Amino acid sequence: MRSFKKIFLLILFPFIIGCATQVSDSISSSSYATAESDQYISTKKLDMDLDDLIYFEFDKASLSPNSKELISKYIEFAKKAKAIRLEGHCDERGTREYNLALGEKRAIEVKNYLIIKGISSSKIKVISYGEEKPIDVESSESAWKKNRRVEISLF
Amino acid sequence: MTNNLISFINSIFFHLFLLAILTLDFSIFTPQSDREKIIPIEFISFPAIKDERAKRNNDSLSTRRNNNIEIEKEIKKISEQNNNKLNLNSLDNLQKQIEETKFFQEKKEVQVRIFLIQKRINSIWKKPSLINQNIETEIQINLAPSGEILKYEMISSSGNKIFDDSAFRALANISFITEVIGMDRNYFERNFRSFNLVFKSKD
Amino acid sequence: MKEILDRLIWSLNQRTKILKTLFFCLIFLSVSIDAKLKIEISQGSKDLPKIAIVPFENTKTIKISLSHLIEENLTLFGEFKATPKNEMLSFPSSEDNFFYRDWKILKVDYAVVGSFKEISGSNIFIEYFVFNVPLKKLILKGDISGDINEFDQISKVISNRTYKAITGLDGIFNTKLAYVLNPDKEVYKICVSDIDGSNEQVLFESTAPLMSPSWSSDIKKLAYVSFEKGYPEIYMQDLFSGNRESIKTLGLSNSAPVWSPDNKKLAFVMSMSGNPDIYIYNLKNNKISRHTTHYGIDTEPAWSPNSKKLLFTSNRSGSPQIYELTISSNRIKRITLDGDYNARASYFPNGKDIVLVHGNNGIFHIGIKNIRGRFINTISKTTLDESPTISPNGNIIIYATKNNSQGYLAGLTLDGKSKFRLPVKFGSVREPSWSPLTN
């Protein structure tokens, strides 16, 4: 019976999605806001004695307990900082546009964790470079491990 | 259409099989002396049907080889049966067994020749690259026993001129199908005097 | 009593006999239905069709060899094997002095012959013929006139027409390729070249990453993603004037622009607060509409040939898979089921098959799948293959791959007979995008 329900839901699922996206919002050209320029870039990056790289699994955006511990060490400084920049990256495997989105998901994951810890979301800037800016250009397991990262910088 | 026919015939076979089994059961009740006259039904061998199906369904080399092995086995089995039952069976029955054996021999022979012809024509046919189009051209070929192609004509077109042309080009490059040389004349007349080549764009 | 039993047995015996005869009759009947032997041929030869391009006869001494250019074009993707000049038995120049037997001996499948003469000044007139040798048929008779300085262009036109006459497919020798060139770590270029890799032109150069070049269907503009302002933004650049304009949106991250085949819309991906979704930008009225709302990643849109559907990659099921979106109803259908990574799909010109990046256990190949079928047929052999782009005639795929962390472009024909590498560039090359046909 339960599996029957599941199947029923599965059948229904595309329709639910279909309904949900029915209301496609049109944004008129007049309401465009020009994208904010990165004002904080001009201010000096804060130097800290902390590892500023958070690593991820392949095709995953979730934080490991180790990473959470590392981010927690930032909280103190982050509260004082004017701005926080989170840069998401991926390894070379997989497609480029998908990796661009995945890098963003990774940075957002870190951002959400910071927000939970009490950092104001308006201070946090998120950007993804996908697989375009690898640290190590080699095609090896160790290189990929280094490249799947979010870089934290405080200003 | 042919598929429907095949399945229809198969279903008839199946029903006949059931009937045959039923009659066999009844025949057990007949006296010993009469049982000799009743044809041993276990001999009406179903491998014949199996073989037909396998031939239709599988085209790959390995299965074809297996088929050949199977056919050989079958021939052996039948000849063994022949030897064993020589004294028991009626002359009429023996006649039929010999026919059966011949039938299998012909099948085997024809299978081997078909395989060789396929291999040869595959090696010279330069198939145009038509991605994702599932089409076929059927060409009828008339042969002389020497293997000489007497005539070929298109039975059904694929609808794609380039594809049809490619099949004709392959045939224009050969004037003999030497693969049929040296086979039993009767087998040749029954199978290769006139046959159809089906060129398929997809496997 | 015994009499009755005997009778019964007798009748049963009769019945068995009848049934048996019937049985054999049917066996032979079934054989006789199939009496006409049918032999199926489906594989075909691995050999390429042989083509002979006879040097074109000319009235005056014109140094450039037109036949050589045509030969280079037709053999570019490994679809034909050219017959060397020194093997040719005769050098005909028209229908009148062409003898099939000279070419049948060489087992040539097609022969191209022609001649040209100067009309006035640099203007030339070319007449050419294409023969199907085994069938002894003239399949194309054409002429063209043009400037002697545009030999390259003339050879491409003749190649295209010859290709069409032989294969029935559109010739693609005057199409172009856009790609991203990364000569060293800090320099990114959007480049356009002829399909054979020659005449490379840099359209835009930046120290920030550049991504996702996409052609407009009139081949006048190119859309791409630039990080020049610190975040991904979509630019549309006019190829001739060099004018660039960006699409202004509310989102801070815009990517993966793709021009619709009817040239009226641009599908792209916009992320508002970390949720990348598929949007369509209407180029006529500058309106933007949203077409997916799932919280997972939705990206890599690709238009169907009729501009009514989009393929896209989504990880809504947990791993990246291909989905099809019907734009008018926003109905979404999952297309791929096998494998743990299926991404960046695009339609073949027939709209029924798709090419995609298929990953399994961290190995990525180019795959082909029927939109309704189940199985993905992998066609490339290297392990980091991505960004497949299909030729406008649907017969060739070019993709990006890597060797020793150096990106290069490779290609293959769909019949699997030919694989090739595009000329090596100085630097890493990626994200090839094949232009539509120029008319």
All positions within segment C:289-303 that are more than 11 Å from every other protein chain (Cβ to nearest Cβ) and surrounded by fewer than 21 Cβ atoms within 10 Å (Cβ to Cβ): none
Condition check for A:Ala101: among the aliphatic types (A, V, I, L, M) and either crowded, with 18+ Cβ neighbours inside 10 Å or modelled with pLDDT of 95 or more (or both): yes
Residues of segment C:247-288 classified as part of a strand (DSSP E or B), at pLDDT 90 or above and surrounded by fewer than 17 Cβ atoms within 10 Å (Cβ to Cβ), total: 1
Criterion: surrounded by fewer than 19 Cβ atoms within 10 Å (Cβ to Cβ) and among the small types (Gly, Ala, Ser) - qualifying residue of A:Ser140, A:Ser128: A:Ser140
Test set (1) more than 19 Å from the chain's Cα centre (by Cα); (2) in contact (Cβ under 8 Å) with a residue 12 or more places away in the chain; (3) within 12 Å of another protein chain (Cβ to nearest Cβ); (4) in a helix (DSSP H, G or I) - B:Leu94 fails condition number: (3)
Any hit, segment C:164-173, residues being out of contact with any helix residue (DSSP H, G or I) (no Cβ under 6 Å at 6 or more places or on another chain) and within 14 Å of chain A (Cβ to nearest Cβ): no
Segment B:112-139, subset under 15 Å from B:Thr178 (Cα atoms) and more than 7 Å from chain C (Cβ to nearest Cβ), residue farthest from the chain's Cα centre (by Cα): B:Arg120
Test for C:Asn330: is it facing chain A (nearest Cβ under 9 Å), on the phi > 0 side of the Ramachandran plot and at pLDDT below 95: yes
Selected residue (criterion: farthest from C:Lys402 (Cα to Cα)) from residues of segment C:337-377 that are free of Cβ contacts under 8 Å to residues at least 24 places away in the same chain and of a type in the set (D, E, K, R): C:Arg372
Qualifying positions in segment B:113-150 - part of a loop (DSSP other than H, G, I, E, B) and without any contact (Cβ under 8 Å) to a residue 40 or more places away in the chain: B:Pro128, B:Ser129, B:Ile131, B:Asn132, B:Ala144, B:Ser146, B:Gly147
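The values are calculated or read from the model by the stated rules, or taken from the named source; none is laboratory data. Everything numeric in this text was worked out from a predicted model, so none of it was measured. Neighbour counts are summed over all protein chains in view; Cβ atoms, including those assigned to glycine, are modelled from backbone coordinates with ideal geometry.
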